[in-house]
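Quick one: the structure is below, and I'll ask about it shortly.
The values are calculated or read from the model by the stated rules, or taken from the named source; none is laboratory data. No experiment lies behind these values; they were computed from the predicted model shown. Glycine also receives a Cβ, built like all others from the backbone with ideal geometry; neighbour counts cover every protein chain displayed.
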Amino acid sequence: MKKNGTYRLALAGMLTAVMFIIGYVESLLPAFFAVPGIKPGFANIPVMIAIHILDWKMAAAMSFTRIILSGFTFTGLYACLFSLAGAFLSIMVMVLLKKTGKFSVTGISIAGGVAHNTGQIIVAVLTLGKPVLYYFPVLIISGIVAGILTGIVTGVILYNIKSGKK
């Protein structure tokens, strides 16, 4: 989608606002399966949309902005470290897979979900020590499930955007 800079910036701003709101709503949800920190990841849908219709730089800027705003508003700066590591790794993996042209939106989303959780576990090991690795299999499974859900939703949204449906 080639649009002028003002359009792209406005779209990125709106997607960032949507991410912020979805992230807040997700923070209000009770822990899934009594496992702390696991969320559906719907706040990542706008990032995936940006990767597909804007570019990876805009998607990364949006994600960074949302994480910093959420950190100051809801979660605290310590949680920002975990989120930034997860987002960085996730965006890099999703962009690389998208460039190959061999993966569906859902496949890219699954890889992004697993990469996000991998980035977070790396920070956890560095800050809390190796015992947190027991949590890694749970994070992998949750990344796959969240990736499937967000991938399907993102795929439907992208299909409707590209086909001009409202």
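Name the residue that is nearest to G41 (Cα to Cα), counting only residues in region 82-119 that are of a type outside the set (G, A, S) and touching a residue at least 60 places away in the same chain (Cβ under 8 Å).
Here is the first cut: in region 82-119, the residues of a type outside the set (G, A, S) are 82, 84, 88-89, 91-100, 102-103, 105-106, 108, 110, 114, 116-118.
Then keep just the ones that are touching a residue at least 60 places away in the same chain (Cβ under 8 Å); that gives 108, 116.
Working: I108: 14, H116: 10 Å.
Within region 82-119, the match that is nearest to G41 (Cα to Cα) is H116.
Mind checking which residues of region 134-166 are more than 19 Å from K39 (Cα to Cα) and part of a helix (DSSP H, G or I)? Quick ask: steps written out before the conclusion?
Kept after step one, since they are more than 19 Å from K39 (Cα to Cα), are these residues of region 134-166: 155-166.
Matches in region 134-166: G155, V156, I157, L158, Y159, N160, I161, K162, S163.
Here is a further query. List pairs: first residue in region 66-79 and among the basic types (K, R), second residue surrounded by 16 or more Cβ atoms within 10 Å (Cβ to Cβ) and modelled with pLDDT of 85 or more anywhere in the structure, Cβ distance under 8 angstrom, at least six positions apart or on different chains.
Final answer for the pair search is R66/T16; R66/M19; R66/F20; R66/G23; R66/A43.
Show the residue pairs that are 6+ apart or on different chains and have beta-carbon atoms under 6 Å apart, the first residue being within region 4-29 and part of a helix (DSSP H, G or I), the second being among the aromatic types (F, W, Y).
Qualifying pairs under 6 Å: I22/F42; S27/F74.
Test F64 against the stated conditions and say whether it is at pLDDT 90 or above and farther than 22 Å from I157 by Cα.
Working: at pLDDT 90 or above: yes; farther than 22 Å from I157 by Cα: yes.
Yes: the conditions hold for F64.
Take region 122-143 and flag every residue that is of a type in the set (A, V, I, L, M), crowded, with 16+ Cβ neighbours inside 10 Å and within 23 Å of I51 (Cβ to Cβ).
V123, L139
Given the condition more than 22 Å from G13 (Cα to Cα), basic (K, R) and out of contact with any Cys (no Cβ under 6 Å at 6 or more places or on another chain), answer yes or no: does some residue in region 142-163 qualify? Show your work before the answer.
Restricting attention to region 142-163, the residues satisfying the condition of being more than 22 Å from G13 (Cα to Cα) are 142-149, 152, 163.
Imposing the further condition that a residue be basic (K, R) reduces the set to none.
No: region 142-163 contains no residue that is more than 22 Å from G13 (Cα to Cα), basic (K, R) and out of contact with any Cys (no Cβ under 6 Å at 6 or more places or on another chain).
With the requirement that a residue be outside any helix (DSSP H, G or I) and surrounded by 17 or more Cβ atoms within 10 Å (Cβ to Cβ), what does region 54-81 give you? Talk me through it step by step, then tell me what you get.
We begin by selecting, within region 54-81, every residue outside any helix (DSSP H, G or I); these are 54-55, 76.
Hit for region 54-81 is L54, nothing else.
Does region 96-122 hold any residues that are in a helix (DSSP H, G or I) and either among the small types (G, A, S) or farther than 30 Å from G155 by Cα (or both), and which are they?
Keep residues of region 96-122 that are in a helix (DSSP H, G or I), which gives 96-100, 105-122.
Of everything in region 96-122, those that are in a helix (DSSP H, G or I) and either among the small types (G, A, S) or farther than 30 Å from G155 by Cα (or both) turn out to be G107, S109, A111, G112, G113, A115, G119.
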